[in-house]
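One structure below.
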Amino acid sequence: MTTYTHISSDAATDGSQGEARDSAHIDITPGMLYYGNTVVLLSTTNPDGSTNIAPMSSTWALGNTIVLGMGLGSRTAENLMQRGEAVLNLAGPELWEQVERLGDMTGGERSQQQHGHGSIPVHDKFTAVGLTPERAALVGCDRVAECRLQIEVRVKHCEPDVDNGFVIAQTTVLRVHADPAIVVEGTSHVDPRVWKPLIYNFRHYHTLTSQMGESSITQTPTLV
């Protein structure tokens, strides 16, 4: 928990204390606030029944609900709104180059500007970047075999954001697939000591370092 120090209005008018307060932070305008988000290769179903995969990092989970955010007009957004299903394939750090290459591709029929750069139409992205399709259990789009954690979801609600630039989709989890090597033996818990997701940190690729500590409510305690 972060502790904040309150500065009174009287103190703020004092030269020395005001200067100390102002020097602590500066005002900035980042190009995009991708502050350490997990990278997902999102599988969706194209109109012809094939699978589109697209990299994204704007996701968050709350219980059995996962919220996704992506640009309006993209093939992924159209597939989500039209077919209402997806697979979140959580990439590991070894896949960062494939993720980056996928960012230069679109599942649409013509080139378009997205993710801050241009993209070219590619129908079979699996073959293009050397990934392996794997049949899903409850949705029509394929999973990415190389991703050690895969989550099949159904879309429950889609709408544009307040600025009408993105689509926000609320999804519910149908099934979670995990590589046995990242699961605590005899349980359904992902082992955070083994599972290291790819992190998109202000447009740079990172992964997790060694453990700093753990929550008091963890179901997989590792510290004495």
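Conditions tested, residue by residue: (1) modelled with pLDDT of 90 or more; (2) aromatic (Phe, Trp, Tyr); (3) at negative phi.
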{"site": "Pro133", "(1), (2), (3)": "yes, no, yes"}
{"site": "Gln170", "(1), (2), (3)": "yes, no, yes"}
{"site": "Pro197", "(1), (2), (3)": "yes, no, yes"}
{"site": "Tyr200", "(1), (2), (3)": "yes, yes, yes"}
{"site": "Tyr205", "(1), (2), (3)": "no, yes, yes"}
- Keeping to the range 135-167, report how many residues are of a type in the set (A, V, I, L, M, F, W, C), over 18 Å from Leu90 (Cβ atoms) and modelled with pLDDT of 95 or more. 1
- Note on the structure: Residues of the range 22-40 being out of contact with any helix residue (DSSP H, G or I) (no Cβ under 7 Å at 6 or more places or on another chain) and closer than 18 Å to Leu102 by Cβ, in sequence order, are Met32, Tyr34, Asn37, Thr38, Val40
- Query: What number of residues within the range 82-104 are modelled with pLDDT under 90 and over 18 Å from Met32 (Cβ atoms)?
  - Reply: 0
- Task: Return a yes/no flag: does the range 108-117 have any residue that is open to solvent by less than 20 Å² (accessible area, probe 1.4 Å) and of a type in the set (Ser, Thr, Tyr).
- Result: no
- Query: In the list Lys125, Lys196, which residue meets the criterion of being surrounded by 14 or more Cβ atoms within 10 Å (Cβ to Cβ) and either among the hydrophobic types (A, V, I, L, M, F, W, C) or touching a Ser or Thr at 6+ places or on another chain (Cβ under 8 Å) (or both)?
  - Reply: Lys196
- Message: Go through the range 32-48 and report how many residues are open to solvent by 40 Å² or more (accessible area, probe 1.4 Å), over 18 Å from the mean Cα position of the chain (by Cα) and in contact (Cβ under 8 Å) with a residue 12 or more places away in the chain.
- Response: 1
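The values are calculated or read from the model by the stated rules, or taken from the named source; none is laboratory data. None of these values were measured; they are calculated from a predicted model. Cβ sites come from the backbone with ideal geometry, for glycine too, and all protein chains shown count toward neighbours. Surface areas here come from the heavy atoms of the whole protein model, side chains and all, with no ligands, DNA or RNA. Shrake-Rupley method; radii C 1.70, N 1.55, O 1.52, S 1.80 Å.
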